[in-house]
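As structure tokens, the structure follows; a few thoughts come after it.
The values are calculated or read from the model by the stated rules, or taken from the named source; none is laboratory data. Keep in mind it's a predicted model, so treat the numbers as computed, not measured. For neighbour counting, all protein chains shown are included, and Cβ atoms are generated from backbone atoms with ideal geometry for every residue, glycine included. The protein model used for the area step is the full one, side chains on, heavy atoms only, and it has no ligands, DNA or RNA in it. Shrake-Rupley method; radii C 1.70, N 1.55, O 1.52, S 1.80 Å.
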Amino acid sequence: MPAAADPTLRLILGDQLNSLHSWFDEVRDDVVYVLMEVRQETDYVRHHAQKILAILAAMRDFSRQLRETGHRVRYVPIDSPSNRQSITDNLDALITHYGAKIVQYQAPDEWRLDAQLAAWRQACMERGVHCEMVCSQHFYTQRDEAARLFGDRRGWLMEHFYRHMRRLHGVLMATPQKPAGGQWNFDHDNRQAWHGTPPAPLDWRRQHDHSALWHTIVACGVPSFGNPQASQLAWPLNRAEALQHLDAFIQRALPHFGQFQDAISQHNWRLFHSLLSFALNVKMLGPREVVMRAQEAWQAGHAPLAAAEGFIRQILGWREYVRGVYWHHMPGYVQHNKLAHELPLPEWFWTGDTRMACMAQAIGQSLEQAYAHHIQRLMVIGNFALLAGLDPQAVHRWYLGVYIDAFEWVELPNTLGMSQFADGGLMATKPYVSSAAYLDRMGDHCAGCHYRKKDRLGERACPYNALYWDFHIRHADRLRRNPRIGMVYKQIDRMPPADIDAIQSRSQDIKARLDRL
């Protein structure tokens, strides 16, 4: 059958690999699906090599699946001579090529793409091409749903949103209004350190050889950092693999996830974490099916309620809430720097070469695996960045680039708000900072570290300690009245002036030689 004239073009972005979207329910000869690898997307920040490689490999496999099921596909590889390396410029060329009069695209999750395509859509309409944005059919919520829930309230609380979502969707509920187990969260059960027992499961992911694709990426001059692991990349290629990863997590790791979700260990980089965030954020998996699998594991007696609730909270609660914060506060949110922090990132953010043992592993693991779990991101790397006064925009760009699952809608509020408190408390009710005591309680790095976990002062004192107290002293005018950290200031008020001077002197010395820590 000859191809239909004047087909509809449907754009699929690299994080929209949802094979269950209703677009694909029907094979239509008058529809061409468009996927493109463009420098616009590989270069807007410096990305981890695995992130670029995994997304492009998954896009190519998604294109293959569409073709095999009978759909028409136009795939624009990154090394194509006709590739204009811009989404909208390529679309303009394809409209001309196909004589298309209709273009459709799924709602982007990042503000920059949403703004770009909205402006382009208006230009299309003016020249007689109908352009339409449709729902991505992925999230529980609409972009503005959290904002509508909170209305005119000055402060948003994730806990309020989370309980609303549990009730609305009937997740882990004993009755329509009462939570299973009689309480909404089990945080107190989920804060155990891991000492090797039970043993963490082996990595269940299949490895792929993407050496040829990596060679193409490098030959095109795409900038990146981190270990590409091109010949043995273990991130999922498609939905079938992602479902296998979900099955493995539910069976092998979820039962112990809850109690050890905040643990950090130098002996195991993943512990009981699911590693599903990449598959979720490029939409190979949907949040509803992941949440339901965890709930069913609890109902079947396979996982304790605390484990299922802790995992579900991350997806039904935090993930949807963060998205609501992002869309409510963009585009200005990215500029926040309420604490006026401006120090550049130390060189070891790109090498992992530091004598702080917990940091060396967290950074080194991020560079090696393109992944770190939430406590490493928040309480090791982010904690230090906030205490030391690093530029939050630089921290944001690093987080956005280094992590395989980092897309701005989910990364930016977590980094600028939750981690760096740069929004002044829009996202978090207090700065998430700690001295070495917390890191020692939750991990096992301190015993072998160059620095001494209990010392505040001296060349071998753990940098977190002096920086912790100096942070609160420097920002006393802003933070002293926060009821969640009042005890810190009671301790500072009891310190002799000479002790405060010594802490501040030690802190200044640390910040003056960040690259040599």
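Brief remarks on what is shown
- Whichever residue in the stretch 306-355 is open to solvent by 10 Å² or more (accessible area, probe 1.4 Å) and acidic (D, E) and, among such residues, is nearest to A253 (Cα to Cα): D353
- Residue list for the stretch 250-273, filter: under 19 Å from the mean Cα position of the chain (by Cα) and hydrophobic (A, V, I, L, M, F, W, C): F257, A263, I264, W269, L271, F272
- Selected residue [open to solvent by 20 Å² or more (accessible area, probe 1.4 Å) and within 23 Å of L316 (Cα to Cα)] from G155, G128: G155
- Contacts under 8 angstrom Cβ, first residue in the stretch 472-500 being among the small types (G, A, S), partner part of a helix (DSSP H, G or I), 6 or more apart: A476/Y489; A476/I492
- Residue count for the stretch 1-40, restricted to those that are assigned to a loop (DSSP other than H, G, I, E, B) and either open to solvent by 30 Å² or more (accessible area, probe 1.4 Å) or modelled with pLDDT under 95 (or both): 14
- Only one of the numbered conditions (1) assigned to a loop (DSSP other than H, G, I, E, B); (2) within 26 Å of V290 (Cα to Cα); (3) open to solvent by 40 Å² or more (accessible area, probe 1.4 Å); (4) not β-branched (V, I, T) is violated by L149, and that is (1).
- Flag if V402 is farther than 19 Å from A193 by Cα, under 12 Å from the mean Cα position of the chain (by Cα) and open to solvent by 20 Å² or more (accessible area, probe 1.4 Å): no
- Residue satisfying condition, being at pLDDT 95 or above, touching a Pro at 6+ places or on another chain (Cβ under 9 Å) and either charged (D, E, K, R) or closer than 18 Å to Q266 by Cα (or both), within set R319, R355, R313: R319
- Which numbered condition V282 misses (of (1) more than 20 Å from Q259 (Cβ to Cβ); (2) surrounded by fewer than 23 Cβ atoms within 10 Å (Cβ to Cβ)): (2)
- The stretch 71-121: number of residues that are touching a residue at least 40 places away in the same chain (Cβ under 8 Å), among the basic types (K, R) and within 27 Å of E411 (Cβ to Cβ): 1
- Of the residues making up the stretch 72-119, those that are among the aromatic types (F, W, Y) and open to solvent by 30 Å² or more (accessible area, probe 1.4 Å) are Y75, Y98, W111.
- For the stretch 379-393, a tally of residues being buried (at least 22 other Cβ atoms within 10 Å of the Cβ) and either among the polar types (S, T, N, Q) or part of a helix (DSSP H, G or I) (or both) returns 10.
- Taking residues in the stretch 19-41 that are farther than 20 Å from K101 by Cα, and partners anywhere that are assigned to a helix (DSSP H, G or I) and aromatic (F, W, Y), the pairs with Cβ atoms closer than 9 Å and at least 6 places apart or on different chains are S19/F62.
- Candidate set: the stretch 488-509, residues that are among the hydrophobic types (A, V, I, L, M, F, W, C) and more than 32 Å from the chain's Cα centre (by Cα); chosen: the one nearest to L343 (Cα to Cα): I503
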